[in-house]
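First comes the structure, then the notes that go with it.
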Amino acid sequence: MDLGILVTIFDSALRLSIPLLAACLAGLWSERSGVVDIGLEGKMLVAAFAGAAGAYALGSAWAGLLVGIAASVTIGLVHGFASISQRGNQIVSGVAINMLAAGLTAIVGNAWYGQGGRTPPLEGDQRFGSVLFGHSALVYVVLLAVPVTWFVLGRTRFGLRLRAVGENPAAVDTAGISVTGLRYTAVIIAGVLCGLAGAYLSVGQAAGFLPNMTAGRGFIALAALIFAKWRAWPALGACFLFGLLDASANQLQGLSLPGIGEVPVQAIQAMPYLMTVILLAGVIGKAIPPRASGVPYVKER
Amino acid sequence: MSAPLDLPRWADTVLVPAISVVAAFLVAGLVVLAIGENPLTATRWLLQGSLGTGEGLGFTLFYMTDFIFVGLAVAVAYHAGLFNIGGEGQATLAGLGIALVLNNLTFLPGFLLIPLGILGAAAFGALWAAIPGYLQAKRGSHIVITTIMFNWLASVLLVYLLVNVLREPQSMNPETRAFPEQSYIPFMHDVFAAFGVEIPTSQLNLTLVLALASAYFVWLLIYRSRLGYAIRVVGSNPSAAVYAGISPARIIIIAMVLSGALAGGLAVNELMGYQHRLLLEFTSGYGFVGIAVALMGRAHPVGIILASLLFGILYQGGAELAFEQPAITRDMVVVIGGIIILFAGALDGLFRRLVAHLFARQKLARA
């Protein structure tokens, strides 16, 4: 393998890891505050659709991004209302959001554009063009979100409170800080990040929305989150690793490795899921989620 | 706010789910309105297509069979306090089990091959659920995450096997060769014809009987057996279970095994009853519908049968509706499923509090 191929693989790994990274950080914010989010996939999908529809209607990629973020935050607030205000089951709510997103984007897309759920192709200013090293501005925004997340969660008072609410909400409540307010803030931040992830897919990477275009990336992001043990810098590493796997799956297709023979693409595709299961089983280190994640907070208890 | 909600039993088991379903349909109606179609004509086409003709009814019952299995699968795990969202993956593996049994034992007569195929489905489905169950029970890995991962693993595995290993050599399609004919589960119209009764042709087959029997079996198990009692104790209070001498780890694994085996019924109906070969994505997301069915049916077999009928109507009626009003694609059914999960599952408390509030006011008014 010469340098050229390595650069190509690195480049496409970065491209493929960006949506994972944004969704993974979204999950990180939400779960660090105690709200489990398996609806990352759904929020991304809604943002991808709304982003493409917005960019097409308004003629600007940035406007599309804002529409995508708004849609994703709206869905996030539904999840927040169910899991924070109504103290409902957060897993159930996440499953519902994934189904709703898959159905709604297809139906609305079909009704608006009549192209089998696709949005019309985006061109010119309707897409994010490359600004640096052949990557669009969104790539750098998402990459920047890593140090910002690390700094805000780890080094500021707001971050400390937010993490505390994911570990011991009663203590935060006793200190006179609103558990509900903090959790809603986290859910909104997660919505914004999922909006970035979705818009990147339809307005940055591709030129328009395709039905079910997230194709399980929200779940890989979830896997990466567990892999990163709910921390920002490791999240970057995990997402890049999964992006690298994805990129090399394309390159390794039909390539035969010495001693192993031909590596099936599916074996590489299965890696993120398999690695997560193995990690969760505690064979290589232990992944411990925030203590109060998934538990609705009830004041009186 | 969090005072215990005193609701009469009928209100809790019938009224609250009914209200959330009605609310879900109202929201779905708004979606139909929003895309510029008339929700009332849509409802008419939906009902006409699913119940209005004998053929439509047959298809409705075919889908209902699928949903009973996946609904029961979610419910059994739910009683043990587990959230099995791996129905898709378990049914996928069950399909693999069916194909391996049927296409390798082609020499057997039907009365042996059919039960063996069903057992193969149950065994493979159970295995795919047992691993997450074991990991939850013994290693503490969260069942929701592992079952999600196992769904994806199952789908990747099936793609690999169908493309590289099990595909018929001459065929371009990623599917196995057809199962031996004696292994087909008889179509209902053929069964009736054998007795001289003519009913419209549809995909409906005898698996429906197996589904109803499974529902009865689950009822016996959960509410009338020692094991079912243990499952419910573990589900409601694992530490109390330990004091009662029940091993939660053992019960968790058993519940998941049963759950996975039940999810395998989806593959039996789809593959042995209708497709007669193993193909990609035959589960069509029905595993997730099982969650809606179980939540709506309050994890009780009778409720699950009723909820499955409703979803059968939606899926069959939705197909007809998409034909009559092309703007309303079949994705509408997925939307309704999602809203029902949201309302009957995550926002359940909202409707319960509403109903409790009304009852309390009525009581005050009478006093």
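What follows draws every value from the coordinates through simple rules; no lab data is involved. On a predicted model such as this, the values are computed, not experimentally measured, just so you know. FYI the Cβ positions are ideal-geometry reconstructions off the backbone, even for glycines, and counts take in every protein chain you see.
Using only side-chain charges placed at the Cβ, +1 for Lys and Arg and -1 for Asp and Glu, the dipole size of the range B:65-315 relative to its Cα centre rounds to 980 debye. Calculated mean residue ellipticity at 222 nm for chain B: -23000 deg cm²/dmol, from DSSP H runs with n ≥ 4 weighted as -39500 (n - 2.57), summed, divided by the residue count and rounded to 500. A convex hull fitted around the alpha carbon atoms of the range A:112-243 yields 140 Å³ per residue. Quick one: which residues, 5 or more positions from B:Glu175 or on another chain, have an amide H under 5 Å from its amide H? H modelled 1.01 Å from N in the peptide plane, none for Pro or chain starts. Answer set, sorted by chain and number: B:Glu168. Across the range A:62-70, computed HN-Hα scalar couplings (Karplus, 6.51 cos²θ - 1.76 cosθ + 1.60, θ = phi - 60°) run 5, 5, x, 4, 4, 4, x, 4, 4 Hz from first to last residue, x flagging Gly and Pro. Listed by chain and number, the aspartates and glutamates placed with their C-alpha closer than 19 angstrom to that of A:Lys43 are A:Glu31, B:Asp331; residues fewer than eight positions away on the same chain are left out. Rg and Dmax of the range B:265-367, based on Cα coordinates, read 18.1, 66 Å.
Sequence-distant contacts, meaning Cα pairs under 8 Å at least 6 residues apart, place the relative contact order of the range B:116-239 at 10 percent. Give the residue from B:Gln275, B:Ile98, B:Gly86 lying farthest towards the positive end of the charge dipole for chain B; charges sit on Cβ (+1 for Lys and Arg, -1 for Asp and Glu) and the dipole is referred to the Cα centre. The residue sitting farthest along the positive end of the dipole is B:Gly86. Here the Karplus relation 6.51 cos²θ - 1.76 cosθ + 1.60, evaluated at θ = phi - 60°, turns the backbone of the range B:85-92 into coupling constants of 9, x, x, 4, x, 5, 5, 4 Hz, with x for every Gly and Pro. Taken about its Cα centre, the range A:3-280 carries a charge dipole of roughly 600 debye when the Cβ of each Lys and Arg holds +1 and the Cβ of each Asp and Glu holds -1.
Counted by neighbouring Cβ atoms within 10 Å, the residues B:Phe195, B:Phe311 run from fewest to most as B:Phe195, B:Phe311.
Our helix-only sum for chain A, with -39,500 (n - 2.57) per DSSP H run of n ≥ 4 divided by its residues, gives a mean residue ellipticity at 222 nm of -22500 deg cm²/dmol. Scanning residues 5 or more positions from A:Phe209 or on other chains, those with amide H under 5 Å from its amide H are A:Thr119, with H placed 1.01 Å from N in the peptide plane. The orientation-averaged projected area of the convex hull spanned by the Cα atoms of the range B:178-295 comes to 9.8 nm².
Sort A:Val78, B:Val234, B:Val32, A:Val7 so that the residue with the fewest other Cβ atoms within 10 Å of its own Cβ comes first and the one with the most comes last.
Numbers: A:Val78 20, B:Val234 27, B:Val32 23, A:Val7 10.
Result, fewest neighbours first: A:Val7, A:Val78, B:Val32, B:Val234.
About its Cα centre, the dipole of the protein assembly as shown is roughly 2560 debye, where the only charges are +1 on Lys and Arg Cβ and -1 on Asp and Glu Cβ. Going Cα to Cα from A:Lys299, which aspartates and glutamates come in below 16 Å? Please leave out same-chain ones fewer than 8 positions away. The qualifying aspartates and glutamates are A:Glu167, A:Asp173. Remark: the range B:188-195, residue by residue, has Karplus-estimated 3J(HN,Hα) of 4, 5, 6, 4, 5, 4, 4, 9 Hz, where x stands for each Gly or Pro and the curve is 6.51 cos²θ - 1.76 cosθ + 1.60 at θ = phi - 60°. Among A:Leu222, A:Tyr184, A:Leu201, pick out the residue whose Cα is farthest towards the positive end of the charge dipole of the range A:143-279, where Lys and Arg carry +1 and Asp and Glu carry -1 on C-beta, about the Cα centre. Result: A:Tyr184. Shape class for the protein assembly as shown, computed from the alpha carbon gyration tensor (a ≥ b ≥ c): rounded, with a/c under 1.5. Around the amide H of B:Arg277, modelled in the peptide plane, lie the amide H atoms of B:Phe179, all under 5 Å away and 5 or more residues distant in sequence or on another chain. So for the protein assembly as shown, taking the charge dipole from beta-carbon charges (+1 Lys/Arg, -1 Asp/Glu), which of B:Ile114, B:Phe69, A:Leu153 sits furthest toward the positive end? With unit charges placed on the Cβ atoms, the residue in question is A:Leu153. Site pair B:Leu51 and B:Met172 shows an inter-label distance of 4.4 nm when each label is modelled 7 Å from Cα along Cα→Cβ.
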